[in-house]
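The structure appears below as structure tokens.
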Amino acid sequence: PRAARTEAAPRGTRTSGHPGTARPGGPGRPGGPPRLRLTRRGVVVLGVLALLVVGVPVLLVGRLLSGPEPAPAADVVELPDPTCVPTATQSQNCWPVFERGDDDLLEQSPWVTGRLRAGDVRTVLDHVAARFDATVEPVDPDSSWGWANRAVRGESDDVVSNHASGTAIDLNATEHPIGARDTFTDDQVDAIHAIVAEVAPVVVWGGDYGGRSDEMHFEIVGDAAAVAEVAARLRGGTT
């Protein structure tokens with residue numbers, strides 16, 4: 001008998017040994033590569049990569065547009081001896097006041113108009129002035145002050161200035177008026193802080209005051225024993 005005719009397979013499709021079964025893809029599915037399927041982990045990874053690609057450039061552009069970060073604010077200066085309570089005959093740092101500028105315990109300094117307390121105090125403050133002259137700006141003695149028997153400017157008469165005890169100096173006062181800030185460059189401020197570090201902990205700079213600035217001003221804040229120790233170190237040639 002005549003053999004039964006079988007339906008020819010579509011052109012381009014290989015047949016298996018079982019009629020009507022196509023490879024690959026299973027019955028009724030066209031051939032070709034399998035579809036890609038994203039797992040939950042893959043979605044998370046792609047999301048993170050997208051955030052990095054978009055977010056990092058945005059952060060960099062924002063950083064550039066915002067400019068440099070501000071410098072940290074200077075710490076408020078604390079007096080080394082918080083027990084100091086000056087009397088009517090003592091200046092703010094508890095050193096005895098000189099009523100007259102020709103007192104034998106006052107000596108003329110080459111750096112300032114007006115004299116300084118003789119001995120260890122003058123050694124320390126002369127060192128400050130000399131280093132200021134060498135590393136910050138030239139000192140003009142005609143606009144730099146030492147002893148003056150007066151109250152602290154802007155305070156009541158009960159608060160006697162450390163100038164009255166010969167334990168403070170103002171350097172180039174006309175260039176750095178009281179209350180003004182930023183009268184020195186950043187490099188000059190760094191140099192001033194280096195000088196204060198050399199005579200630590202017995203001198204503070206008025207530019208570091210937490211309240212009203214006094215950038216011309218340097219003053220003794222240690223007692224006699226502490227100042228003597230620093231003066232001995234300076235005389236020995238070490239800082």
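Of note:
- Of all the criteria given as (1) of a type outside the set (S, T, N, Q); (2) touching a Phe, Trp or Tyr at 6+ places or on another chain (Cβ under 7 Å); (3) surrounded by 21 or more Cβ atoms within 10 Å (Cβ to Cβ), the one not satisfied by ASP120 is (2).
- Of residues in the range 102-141 being of a type in the set (Gly, Ala, Ser) and at pLDDT 95 or above, the one nearest to THR185 (Cα to Cα): ALA134
- The set of residues in the range 86-107 that are more than 18 Å from VAL203 (Cα to Cα), open to solvent by 60 Å² or more (accessible area, probe 1.4 Å) and either in contact (Cβ under 8 Å) with a residue 40 or more places away in the chain or not acidic (Asp, Glu) (or both) comprises THR87, ALA88, THR89, GLU99, ARG100, LEU105.
- Filter result for VAL221 (closer than 18 Å to CYS94 by Cα and surrounded by fewer than 22 Cβ atoms within 10 Å (Cβ to Cβ)): no
- ASP126 being farther than 21 Å from CYS94 by Cα, open to solvent by 10 Å² or more (accessible area, probe 1.4 Å) and free of Cβ contacts under 8 Å to residues at least 40 places away in the same chain: no
The values are calculated or read from the model by the stated rules, or taken from the named source; none is laboratory data. As the structure is a computational prediction, the values presented were derived from the model and not from experiment. In this analysis, Cβ positions are derived from the backbone assuming ideal geometry, glycine residues included, and neighbour counts consider all displayed protein chains. Keep in mind that these areas ignore ligands, DNA and RNA; they rest on the heavy atoms of the full protein, side chains included. Shrake-Rupley method; radii C 1.70, N 1.55, O 1.52, S 1.80 Å.
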